[in-house]
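The values are calculated or read from the model by the stated rules, or taken from the named source; none is laboratory data. Note that the structure is predicted; figures quoted are calculated from it, not measured. Glycine also receives a Cβ, built like all others from the backbone with ideal geometry; neighbour counts cover every protein chain displayed. What goes into the accessible areas is simple: the full protein's heavy atoms, side chains included, and nothing from ligands, DNA or RNA. Shrake-Rupley method; radii C 1.70, N 1.55, O 1.52, S 1.80 Å.
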Amino acid sequence: MMAIEEGEPIPAIELTAVNGEALVLKELTGQPLVLYFYPRDDTSGCTREAQDFSALLSEFEALGARVLGVSKDSPIKHQKFISKYDLTVPLATDANGQAMEAFGVWVQKSMYGKTYMGIDRSTFLFDSAGRLVRAWRKVRVPGHAVDVLEAVKDLVEGR
């Protein structure tokens, strides 16, 4: 399957919200959407990224944008992660990996000479019509949430 590319519509994929309810990506249109994929709750880089998006969440919301973090972790694990770090950014579960496949973020990785499948930290920005306007792949966490916020400002202000 080819990964989503700029200009394409958000896929009609279902995730699971922290409360266990279904969350259909296609139903999140009508406002800009920042969708970020991260490897795992409660690891250093993923924690920092969630904290950074949480710290800026009110600024994203002031621009009319939603932010949603996605990993394979269960809703219960997300709840513990949110509580442990007082996160405000919403998180969702892609247990079957359908979204990760569609976005091309489920990739072969290697560490210490061993290869394995994992999530490539990536972020996607959709306009209010649900079209992909920007993708960040192989994200480095420091400063990333600020960069995404600037891209949302550009989108909203028509720059």
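A few notes on this one:
- Some residue of the range 123-132 being within 18 Å of Thr47 (Cα to Cα), in a strand (DSSP E or B) and not small (Gly, Ala, Ser): yes
- Residue within the range 42-53 that is within 17 Å of Ala145 (Cβ to Cβ) and assigned to a loop (DSSP other than H, G, I, E, B) present: yes
- Positions within the range 25-40 being modelled with pLDDT under 95 and either in a helix (DSSP H, G or I) or touching a Leu at 6+ places or on another chain (Cβ under 8 Å) (or both), in sequence order: Leu25, Lys26, Glu27, Leu28
- Gly69 being at pLDDT below 95 and under 25 Å from Met117 (Cα atoms): no
- Residue within the range 82-90 that is open to solvent by less than 10 Å² (accessible area, probe 1.4 Å), among the β-branched types (Val, Ile, Thr) and touching a Gly at 6+ places or on another chain (Cβ under 6 Å) present: yes
- Residue in the range 33-53 that is within 11 Å of the chain's Cα centre (by Cα) and either open to solvent by 20 Å² or more (accessible area, probe 1.4 Å) or charged (D, E, K, R) (or both) present: yes
- Residues that are at negative phi and out of contact with any strand residue (DSSP E or B) (no Cβ under 7 Å at 6 or more places or on another chain), drawn from the range 133-143: Arg140, Val141, Pro142
- Considered as a group, the residues in the range 91-117 that are among the small types (Gly, Ala, Ser) and open to solvent by less than 10 Å² (accessible area, probe 1.4 Å) include one that is nearest to the chain's Cα centre (by Cα), and that residue is Ala92.
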